[in-house]
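Visitor: Let me give you the structure first, and then I'll get to my questions.
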Amino acid sequence: MMKRGYFFRNCSAYIIMVSVLSAFSAVPVSANSAQTKWSGTTSTGTIVTDTDCPVIVESEVLTFDIQEFPKHHYKEISEYLSYSSNVTAEYTFYNPADYTISATLIFPFGAVPDYGYLYDSYTGERLLNTDTEKYNITVDGEAIEKTLRHTLTYFGSQFELSKDMALLHDGFIKDDFYSPDMPVTKYTYIPQNVNLETYNAANAAFVLSADPTKSRVLMENQNGGKLLDDAVQLECWVDSGKFVINVIGEALSQMPEWKFYENGACEKEIGGNMVLTDTEVTTLKDFALTAYDESSGVSETDWYNAVVESMKSLEWSNGAISGADFQFDISERLLRWFEYDITLEAGDRIVNTVTAPIYPSFNMNYDPTIYQYTYLLSPAKTWKSFGTLDIIVNTPFYITESCPEGFERTDNGYAYHLTRLPNEELTFTLCSDPDPKLPAFNNSRVLMPVIILAVVILAIAAILLKRKKHQG
């Protein structure tokens, strides 16, 4: 007996109408049919990996040099790399201990902004980390070695210190189930004798009940499923052409018993059969590195760890991993870090400087466009002690909003001096005009949704009135 559905496929016309009404009331109407909002990246200061490190931060000078805004799209790498706005964090570190301290520091600098994804114009291949050479880390003015690191993240997710730092591993992740050398058996099936002319939305499905301590199962291109009492049903469109079932760990005690249905509701069975055409055994490492590209700038271990974390986040019931959201290519789901080491003798004091491009989010619905910058200050509280903070924004543009408030105008832009870390994260909005406005919505593209909304309201009113008369 079905316990609860994984995907909702059926709903009444009334609910659909209510959903339409809710959508109109909740989402502001935009005058532009093209994309008008673009996400940037969240910058975060330098963090020490050892929570017991006695090194203190006597002061930090945080300088934003923003002389230009980014474009919403770049066609050429050279054009993207010529974008010059950046942020520089200058830390004065002091070692109060009577012994030498070597510390590993990490600087998370965000995922690639959604306007920063570039492709080779000849091959069409994704180009990753094209801007990393623009980042510079020095100690007392001398450049030091740094290592580019990556961890799994998700679009729109906010950086969380404890959660994201826990995803950084020296080598392959150590997990209770997953290990690089464990077997992965890949079964490839081809559906046959399914009448797709009559049932063009036909689905194939099988019921899985595995011991998740021994086996995990991932169906590629899965489109839906159901939780049953003691099992789970995995489903996929028949017209996908082939079905790939990956069994991670021990082989299943029983091979899949396939059934075919007329559509995605998986209620009415139809004819058809599934033919096993290939069986391949590989390792989890090779499976995780299926879409790995050595030229991406991502290490094998970081890529493997990100894929494993992705599978862990998609674990379902009875050993199933949701294949609907799984991707072998996780290049768009990576948070970027720089990792580097510093050494301070007893009583030593050094100046550590990190420079990186700054990528804002922006909203083109405003006239002129507004650009929001975010820099997380809370991770700095992990240091043993933190002194003063000076924030400098060198820019010809106007700060229209900020948190915390208190920026003062200077000849070169804005400045803010704090004697301690604020409780809030640092955010500020820049614009070429001191008073950006949302334009009046008065063209036909804006009026059309309003007309549709009015029609829906009148239709509902007519139905209710007809029912009332009938009941009367």
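The values are calculated or read from the model by the stated rules, or taken from the named source; none is laboratory data. Because the structure is predicted, anything quoted here is derived from the model rather than measured. Methodologically, a virtual Cβ is constructed for each residue, glycine included, from the backbone with ideal geometry; neighbour enumeration extends over all protein chains shown. In case anyone asks, the SASA skips ligands and DNA or RNA and just uses the protein heavy atoms, side chains included. Shrake-Rupley method; radii C 1.70, N 1.55, O 1.52, S 1.80 Å.
Visitor: Quick check on the range 317-350: of everything there that is assigned to a strand (DSSP E or B) and β-branched (V, I, T), which residue is surrounded by the most Cβ atoms within 10 Å (Cβ to Cβ)?
Guide: Filtering first and then ranking leaves I321.
Visitor: Go through the range 85-113 and give me each residue that's open to solvent by less than 20 Å² (accessible area, probe 1.4 Å) and of a type outside the set (G, A, S).
Guide: Correct list: V87, Y91, F93, N95, I101, L105, I106, F107, P108, F109, P113.
Listed here are the residues, each with its yes/no results for (1) open to solvent by 40 Å² or more (accessible area, probe 1.4 Å); (2) in contact with a strand residue (DSSP E or B) (Cβ under 7 Å, 6 or more places away or on another chain).
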| site | (1), (2) |
| --- | --- |
| A166 | yes, no |
| L196 | yes, no |
| T213 | yes, no |
| N221 | yes, yes |
| L252 | no, yes |
| A265 | no, no |
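Visitor: Can you tell me which residue within the range 351-365, out of those that are open to solvent by 10 Å² or more (accessible area, probe 1.4 Å) and modelled with pLDDT of 95 or more, is nearest to S296 (Cα to Cα)?
Guide: For the range 351-365, the residue satisfying everything is T353.
Visitor: Please report, ordered by residue number, the strands (runs of 3 or more DSSP E) entirely within the range 60-145 with at least 1 residues that are aromatic (F, W, Y). Reasoning before the result, please.
Guide: Values: elements: 86-94, 101-110, 136-139.
Answer list for the range 60-145: 86-94, 101-110.
Visitor: Also: Could you tell me which residue of the range 126-148 is surrounded by the most Cβ atoms within 10 Å (Cβ to Cβ), considering only residues that are among the acidic types (D, E) and touching a residue at least 40 places away in the same chain (Cβ under 8 Å)? Can you show your working first?
Guide: As a first pass, look at the range 126-148 and keep what is among the acidic types (D, E): 131, 133, 140, 142, 145.
Subset that is touching a residue at least 40 places away in the same chain (Cβ under 8 Å): 131, 140, 145.
On the way: D131: 20, D140: 10, E145: 8.
Once the filter is applied, the top-ranked residue is D131.
Visitor: If you scan the range 393-439, which residues turn out to be part of a strand (DSSP E or B), hydrophobic (A, V, I, L, M, F, W, C) and more than 30 Å from the chain's Cα centre (by Cα)?
Guide: Selection gives A415, L418.
Visitor: Then there's this: Pick from the range 113-136 the residues that are touching a strand residue (DSSP E or B) at 6+ places or on another chain (Cβ under 8 Å) and more than 18 Å from G297 (Cα to Cα): which of them is modelled with the lowest pLDDT?
Guide: This residue is D114.
Visitor: So, one more: So, of the residues in the range 149-170 that are touching a residue at least 12 places away in the same chain (Cβ under 8 Å) and in a helix (DSSP H, G or I), which turns out to be farthest from V308 (Cα to Cα)?
Guide: L161
Visitor: How about the range 184-217: which of its residues are over 21 Å from A324 (Cα atoms) and assigned to a strand (DSSP E or B)?
Guide: Within the range 184-217, Q192 is the sole residue that qualifies.
Visitor: Let me ask something additional. Given the criteria among the aliphatic types (A, V, I, L, M) and closer than 22 Å to T153 by Cα, does L344 qualify?
Guide: Against the criterion (among the aliphatic types (A, V, I, L, M) and closer than 22 Å to T153 by Cα), L344 does not qualify.
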